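Here's the structure we're looking at; comments come further down.
The values are calculated or read from the model by the stated rules, or taken from the named source; none is laboratory data. Note that the structure is predicted; figures quoted are calculated from it, not measured. Cβ coordinates were reconstructed from backbone atoms using ideal geometry, including for glycine residues, and neighbour counts include every protein chain displayed.
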Amino acid sequence: MTERLRYDEDKAFLLADDAATIARIVRTVPAARLRSTKIGDWTALEVIGHVADSAEIFADRVQRCQVEDNPRLGSYDQDALQLERRNNDREPMELSKRLSAAHAQIVQLLQRPGAAARAGTHSAWGQVDAGHFATYQADHAHGHTSEVAALFPPNR
């Protein structure tokens, strides 16, 4: 069983801030540059797409915890999803909008008292709660967003 991560206001702000950072990047950096700049094995646009994909997956997990009693939730294969989605061929603004919507959904779902404590059972993590899923996504997205943002700082 995985130690539960705690969701709080700071994580909500992290979700919003990272979505805003990606929105700034896709508005100010040409798509061709995002498609050609490498971060490890992926391009910057593939990293942005990965964050958008995972945001939607984790928003769905948080939502399922809200509407189902202890839903069973499985792991996902990020490399297979990357191949399927072909994020490097997508429009950067589309990915940014998907990320913003998913992060906003997570924050909205967890604003009700007790919402973060709603349980779900993950195939690898065991029983965790909606707050754990949200916090995992906040931390995961922040790591990737920080990598991309370091390559494309704001113009001064």
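Among the numbered conditions (1) more than 14 Å from residue 5 (Cβ to Cβ); (2) of a type outside the set (Lys, Arg); (3) touching a Phe, Trp or Tyr at 6+ places or on another chain (Cβ under 8 Å), the only one that residue 136 does not meet is (1). Taking every residue in the range 13-40 that is without any contact (Cβ under 8 Å) to a residue 12 or more places away in the chain and pairing it with any residue that is surrounded by fewer than 16 Cβ atoms within 10 Å (Cβ to Cβ), at least 6 positions away or on another chain, the pairs with Cβ-Cβ distances below 9 Å are 40/147. Residues in the range 5-23 that are surrounded by fewer than 16 Cβ atoms within 10 Å (Cβ to Cβ) and either modelled with pLDDT under 95 or among the basic types (Lys, Arg) (or both): 1 in all. Counting the residues of the range 43-101 that are of a type in the set (Lys, Arg), crowded, with 17+ Cβ neighbours inside 10 Å and over 20 Å from residue 5 (Cβ atoms) gives 2.
Condition first: part of a strand (DSSP E or B) and more than 21 Å from residue 13 (Cα to Cα). Now tell me which residues in the range 116-133 satisfy that. Show your work before the answer.
In the first step, residues of the range 116-133 are kept if they are part of a strand (DSSP E or B); the result is 119-122, 126-129.
Correct list: 119, 120, 121, 122, 126, 127, 128.
Give me a count of the residues in the range 127-142 that are charged (D, E, K, R) and either closer than 17 Å to residue 69 by Cβ or buried (at least 22 other Cβ atoms within 10 Å of the Cβ) (or both).
Within the range 127-142, the subset charged (D, E, K, R) is 129, 139.
In the following step, the residues that additionally are either closer than 17 Å to residue 69 by Cβ or buried (at least 22 other Cβ atoms within 10 Å of the Cβ) (or both) were identified as 129.
Qualifying residue count, the range 127-142: 1.
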